[in-house]
Amino acid sequence: MTDSDASDASDRSDRSDEPDGTPGPDAFGDGVAVEALLREAGADAAGALWRLTGTERQLDANVVRLRPGATVAAHVEPDLDVLVLGLAGRGTLRCAGVEHTLEPGALRLLPRGAERAVAAGAEGVAYLTVHRRRPGLTVRPRP
């Protein structure tokens, strides 16, 4: 995904592109315009369209889009609470056996240990997820 507007060229120096091509803010948490992100990604783009980057952050955040009828299979996150905010489209968020509508402005906390799943509606759905960052593996010399 690239910025198509030449006026955004100055913003590019503040962003770091991930190896998978997903743009993200620098370590200081620069943001993204959600409407522009969804528009520039194109109607067929799905998956993680954006995510936080930088090694010093304490949070992980992703903007995820599912195509119409697509699902995220039921799974359990044993260690992390996840906050989900609907951004565009409509879908169903199931958490701990209870179904909730996932639409723009819908905000839900998915507690750790609770089974969760997402199903996109007829127009697809885009949502933001935020949770504590998992520490990566660190190789340290022996003491």
Please sort by residue number the GluC sites (Glu not before Pro) in segment 37-143 whose DSSP state is loop and whose Cβ has at most 16 other Cβ atoms within 10 Å. 56
So, over other residues within a Cβ distance under 9 Å of residue 120, counting Lys, Arg +1 and Asp, Glu -1, the net charge is +2
Residue 81 versus residue 130: modelled label distance in nm, points set 7 Å from Cα along the beta carbon direction: 1.2
Between residue 36 and residue 74, what is the spin-label point distance in nm, taking each point 7 Å from the Cα along the Cα→C-beta axis? 4.1
Amide H contacts under 5 Å for residue 70, placed H, 5+ residues apart: 120
For residue 123 and residue 99, calculate 0.36 nm times their separation in residues minus their Cα-Cα distance, and state this gained length in nm to one decimal. 6.8 nm
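Laboratory data are not the source of any read-out in this text; all were calculated from the coordinates shown. All values reported here derive from a predicted model rather than from experimental measurement. Positions of Cβ are backbone-derived with ideal geometry, glycine not excepted, and every protein chain shown enters the neighbour counts.
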